[in-house]
1. Would you compute, from DSSP H runs of 4+ residues alone, the mean residue ellipticity of the chain at 222 nm, taking -39500 (n - 2.57) per run and dividing by the full residue count, rounded to the nearest 500?
2. What lysines sit close enough to LYS146 to cross-link, taking a C-alpha to C-alpha distance under 26 Å and skipping anything fewer than 8 places away on the same chain?
3. So which lysines pass the test for LYS505, namely a Cα distance under 19 Å, with those fewer than 8 places away in the same chain ruled out?
4. So how much slack lies between GLU472 and GLN225, counting 0.36 nm per residue of separation and subtracting their Cα-Cα distance, in nm?
5. For segment 253-321, compute Rg over Rh where Rg is the Cα radius of gyration and Rh is the Kirkwood radius from the inverse mean 1/r over Cα pairs.
6. Accessible surface of SER110 in the full protein assembly, 1.4 angstrom probe, to the nearest 10 Å²?
7. With the other protein chains left in place, how much accessible area per residue, in square angstrom, belongs to segment 280-367 at a 1.4 angstrom probe?
8. Label-point separation (nm) for LYS339 and ALA85, each offset 7 Å from Cα along Cα-to-Cβ?
Amino acid sequence: MGTLCIYWLVVIMAWTATCSPMSTSRNRLSRPASGPEDFLVMPSGMSGSLLCLECQTLLAALQQEVVVGVPYEDLVAEGIIGCAAATSMTLEYCQGYIPLVAPIVYHLLSNGTVDPKDACGEVLSSLGCTSDNPNRDWTVTIQGDKPEPMPITPPDVNSPVMKVLHFSDTHMDPYYQPGSNANCPEPLCCRNSSGPVENEGDGAWYWGDLRGCGTPPWLITNMLQHITNTHQDISYVIWTGDIVPHSMWLTSVESNLQIIKETYGIFRSFFPDTLFFPVVGNHEANPLDMFPAPGQAPSELATDWLYEELMRQWVDLLPADQVANSTILKGGYYSVLLKPGFRIITVNNLWGYSNNLWLVQDSQDPGDELTWLEDELNKAEEAGELVHLLGHIPPGLTLVEPTWTREYNRIINRYENTIRAQFFGHTHTDEFEVFYDGDRPMSVGYIAPSQTTWDYYNPGYRVYTVEDQHDETTWSIIDYENWIMNLTEAHEIGSPRWFELYSAKEEYNMEALQPTDWDDLATRMSTDRQLFDKYFKNYVKASEHFLTEGCDDLCYKERLCDMVTTDRNNMEKCNQLIGGMTV
């Protein structure tokens, strides 16, 4: 077959990662320009359906070439050529990224028959590609019938409370270099390797840069100094993943491990005695997004090295008596009883992320993780425990695997009375998702803003006020504050100034932060554009770049849909909301 067939498939099989530098996406039709969400880039004039057909044709051709023994090195070389020719990425990027992902593609094609329509339907499901493989449609066994939903009485003003700190998407870059080129053609700039500074104003700012750059270590240190001085009543910290910066074409096991160690070390130095509840992010893997299920990959392609390092780091962050028999080494997830009647459960939802090429091999509840989650929630229900649930990727993103997100939503629905709140990151923006049982709101996912500025966002963090333990506690989220610093201001005056951007109840005139209140807020925003504009300002963390770009009518509709969609197989609530909106 021709070389086009060879290199096109290597590109297409890794399409979402190669063409979408951050791999975070909701695949929205419109978005804040240059924002951090994935936005799949297809060749000019190619529709989603045409890409599906092209993917199938090329996968069949490549599989035949593997069978007849075309040398692996030739396939990689042609993949690099195709990446550079068919995408917006530079040759340097392609020379780094393709050799990282090619071993996985080659392994999948060399070990068993891969059906082209099935594989393309799995990897490119966010573009509408489909599979006829009945194994893609699976279910998790759910124990018992759903109890009658119990109404939650908002906590009394005199109820005891605790403060919980939420970090996400730190993306610290130890190679950040002030004055280096912040306008390079790669996904990550502001390094000595980013090329010469050719134009005035292209030099990287000291405290971080709003362009495609990582987070300087000293910015993280400054933030933590501010937090320990300002918020001295933090009970515990949740950290919803993504530590490694966006140098995805330059990653290695060794470099990822080093950055993970350094980042955890900095945070621990400021919170030596505080419990942390961390989550694994998609950037921690090498290459990013690639998480094989336990026992499904040869040792050189497995992620055991990552889970072993996470265990070493997390053993000092989690309650010591509950780590030894945890599932961290199996897949980077765990369940911890924090206080009597109050449990924290985390999931590694990268096993349900369609960017993960290992799903081509097996997408049926990888690692039996959702089965484990259901069982943990069932045991919590029997014990009368209430749960806060943590993950990296919000389940409403289009790049979440369709069956995985459906089954996750089934579990959330069944254990409505047990789950008090969910917490995510990944999008770099400040947002929320409401889960529904039919038309009735039943749960809320809180999506925290990022510490990184990548790209065009101010850095931020969040502090929740949570109902603490007492006889009638519901462990509800009472309120939260979002804090940011304006990076442009820090550049102009030479030092950061952290400040509270808003508190949720006051900003949005909410009586409480129960699911019904968030549903009401989404409904109010659908007919009150000024209220939505206030939300959009907070959504982009007061970024001058995005506020100047604005949010047009299509953007308005999509942000509203994001609020009420947790399963892209079911857009009914979205359609209801935008059907009654005022534009």
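1. -11500 deg cm²/dmol
2. Cα-Cα hits under 26 Å: LYS339, LYS379, LYS573.
3. LYS163, LYS534, LYS537, LYS541
4. Full-extension gain reported as 85.3 nm.
5. 1.00
6. 50 Å²
7. 31 Å²
8. 6.2 nm
The values are calculated or read from the model by the stated rules, or taken from the named source; none is laboratory data. Bear in mind that the values here come from a model prediction, so they are computed numbers and not experimental data. FYI the Cβ positions are ideal-geometry reconstructions off the backbone, even for glycines, and counts take in every protein chain you see. Each accessible area value is taken on the protein alone, full model and side chains, heavy atoms only, with ligands, DNA and RNA left out. Shrake-Rupley method; radii C 1.70, N 1.55, O 1.52, S 1.80 Å.
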